[in-house]
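Read the structure below first, then the notes.
The values are calculated or read from the model by the stated rules, or taken from the named source; none is laboratory data. Note that the structure is a prediction, hence the values are computed from the model and not measured. Quick reminder, even Gly has a Cβ in these numbers, built from the backbone with ideal geometry, and neighbours come from all protein chains shown. These area figures cover heavy atoms from the full protein model, side chains too; ligands, DNA and RNA do not enter into them. Shrake-Rupley method; radii C 1.70, N 1.55, O 1.52, S 1.80 Å.
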Amino acid sequence: MARLAQTPGLTEVQRSILDTVREFADKEIIPHAQRLEHADEYPADIIDGMREMGLFGLTIAEEYGGLGESLLTYALVVEELSRGWMSISGIVNTHFIVAYLISQHGSPEQKQSLLPRMATGEVRGAFSMSEPGCGSDVSAIRTKAVRSGDNFVLNGQKMWLTNGAYSSVVATLVKTDLGADSVYGNMTTFLLEKEPGFGETAPGLTIPGKIDKMGYKGVETTEMVLDGVTVPESAVLGGVDAGLGRGFYQMMDGIEVGRVNVAARACGISIRAFELAVAYAQQRQTFGAPLARHQAIAFKLAEMGTKIEAAHALMVNAARLKDSGQRNDVEAGMAKLLASEYCAEVVQEAFRIHGGYGYSKEYEIERLMREAPFLLIGEGTSEIQKTIISRGLLKQYKL
Ligand SMILES: Cc1cc2nc3c(=O)[nH]c(=O)nc-3n(C[C@H](O)[C@H](O)[C@H](O)COP(=O)(O)OP(=O)(O)OC[C@H]3O[C@@H](n4cnc5c(N)ncnc54)[C@H](O)[C@@H]3O)c2cc1C
């Protein structure tokens with residue numbers, strides 16, 4: 001058989017992009033990831049390399065200076081980047097979601113003003129729904145926008161913004177009391193522009209500092225305080241006529257892209273864990289034979305490989321569905337659920353195969369052990385994925 005996680009039916013262009021990114025991961029990411037991650041250092045050189053390759057514009061339409069590639073290409077690129085280091089895929093993830101939101105739901109002026117700069121990576125995007133008091137339950141957000149003449153004034157606190165500091169535009173979901181019957185019809189997404197960095201990065205908008213995390217280091221995750229931030233109507237995603245009260249639905253569309261991304265990340269980390277384990281199992285000798293010759297270890301490798309194939313297939317299916325213009329909430333949920341749960345299992349098995357050395361910071365598997373759990377949480381926990389999947393299934397199979 002071929003190596004794991006092959007994807008049938010790719011175009012010449014897709015294959016060439018993936019070959020380039022894989023080589024980049026091998027030469028420019030993997031050799032530096034451990035050092036950068038342990039130092040929690042922003043990977044500036046790697047980002048420069050990605051900008052040179054045009055990766056920030058991968059999915060942005062050619063008319064705005066991007067490469068106009070599909071969600072599938074994006075997902076497979078994310079898989080390669082995460083095989084190198086998950087934090088690198090984190091840097092592009094919220095950027096892609098925001099670029100997608102603007103492409104799908106933005107006004108012509110928003111597209112014209114932001115997408116060309118996003119395609120070069122000059123402007124990078126962050127995505128903000130969560131708050132200190134809520135993550136899974138988006139309906140409970142409290143940050144508010146209130147009209148003041150032709151402007152809106154925003155007040156509140158947001159939590160867990162990946163790329164909160166180095167981004168220049170934050171797609172931010174807030175409450176707008178419009179008198180709609182459903183709580184979901186009273187939410188609006190604003191495109192908040194700011195300077196990159198920490199402190200007061202736009203009048204009234206403060207990025208206090210980065211949250212110290214267990215893993216997923218190098219990429220910053222922050223809070224965002226909005227204290228009387230005043231923005232014109234044109235900051236509403238899609239403009240007031242199309243966008244007011246549509247924020248929740250727009251964000252859910254974006255998060256389907258994010259879920260495919262998380263599934264792809266999980267595949268990338270699993271592939272790397274497998275590579276490390278399968279190499280170690282052939283080198284380390286116990287009881288007169290390499291580990292891989294002991295059936296208990298060989299069976300672990302078999303199970304790991306099978307899980308990777310299943311997760312990759314589901315992830316590719318979810319990406320292709322979204323590319324065909326259909327909603328993929330259930331499929332993206334399934335891909336995210338399976339890939340992240342399998343990733344945690346595959347990484348744990350790779351860790352065990354390493355014996356004591358897996359616990360040493362000198363070995364890459366130590367980092368993967370701290371990264372894999374995040375995938376069970378980000379873009380909706382496994383429980384939330386099961387809620388979405390079961391709702392979709394019950395609708396399809398309604399008696
Ligand atoms: C490193 C990191 C980066 C992040 N980046 C971003 C970002 O860029 N933008 C952003 O908006 N958010 C971001 N998040 C937030 C993330 O999306 C939330 O943490 C996640 O959605 C879970 O929300 P919560 O932490 O509030 O957990 P809670 O919603 O409080 O859930 C706690 C636990 O209860 C379970 N649970 C909750 N409700 C139910 C239910 N109805 N039934 C069964 N179980 C339930 C959950 O599955 C979970 O296990 C990030 C989080 C982290 C850790």
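Would you be able to say whether some residue in segment 295-317 is in contact with an Asp or Glu (Cβ under 6 Å, 6 or more places away or on another chain) and within 16 Å of the ligand (Cβ to nearest atom)?
No - not one qualifying residue is present in segment 295-317.
Give me the pairs, please: first residue somewhere in segment 306-325 and in a helix (DSSP H, G or I), second residue anywhere and of a type in the set (S, T, N, Q), beta-carbon distance under 6 Å, and either six or more positions apart or on two chains.
308/270; 316/7; 318/328; 321/328; 322/328; 323/70
In segment 337-396, which residues are within 14 Å of the ligand (Cβ to nearest atom), buried (at least 17 other Cβ atoms within 10 Å of the Cβ) and assigned to a loop (DSSP other than H, G, I, E, B)?
Correct list: 376, 378, 379, 380.
So, of the residues in segment 123-163 that are among the hydroxyl-bearing types (Ser, Thr, Tyr) and within 20 Å of residue 221 (Cβ to Cβ), which turns out to be farthest from the ligand (Cβ to nearest atom)?
143
So which residues in segment 86-116 are surrounded by fewer than 24 Cβ atoms within 10 Å (Cβ to Cβ) and free of Cβ contacts under 8 Å to residues at least 60 places away in the same chain?
Hits for segment 86-116 are 103, 108, 111, 112, 113, 115, 116.
Going by the structure shown, is residue 47 open to solvent by less than 80 Å² (accessible area, probe 1.4 Å), in a helix (DSSP H, G or I) and not basic (Lys, Arg)?
yes
Taking the criterion of being among the charged types (D, E, K, R), within 15 Å of the chain's Cα centre (by Cα) and modelled with pLDDT of 95 or more, would at least one residue in segment 195-215 satisfy it? Please lay out each step first, then the result.
Taking segment 195-215 first, the residues among the charged types (D, E, K, R) are 195, 200, 210, 212-213.
Those left that are additionally within 15 Å of the chain's Cα centre (by Cα): none.
So far as segment 195-215 goes, no, none of its residues is among the charged types (D, E, K, R), within 15 Å of the chain's Cα centre (by Cα) and modelled with pLDDT of 95 or more.
Checking residue 166 against (1) within 13 Å of the ligand (Cβ to nearest atom); (2) in contact with a helix residue (DSSP H, G or I) (Cβ under 6 Å, 6 or more places away or on another chain), which single condition isn't satisfied?
For residue 166, the exception is condition (2).
Picking from 97, 88, which residue would you name as being in contact with a Leu (Cβ under 6 Å, 6 or more places away or on another chain) and not assigned by TED's automatic domain parsing to the domain that holds residue 238? Before you say what the answer is, go through the steps one by one.
On the way: 97 fails: in contact with a Leu (Cβ under 6 Å, 6 or more places away or on another chain).
Among 97, 88, only 88 is in contact with a Leu (Cβ under 6 Å, 6 or more places away or on another chain) and not assigned by TED's automatic domain parsing to the domain that holds residue 238.
Regarding segment 60-68, can at least one residue be identified that is open to solvent by less than 10 Å² (accessible area, probe 1.4 Å) and in a helix (DSSP H, G or I)?
No, segment 60-68 has no match at all.
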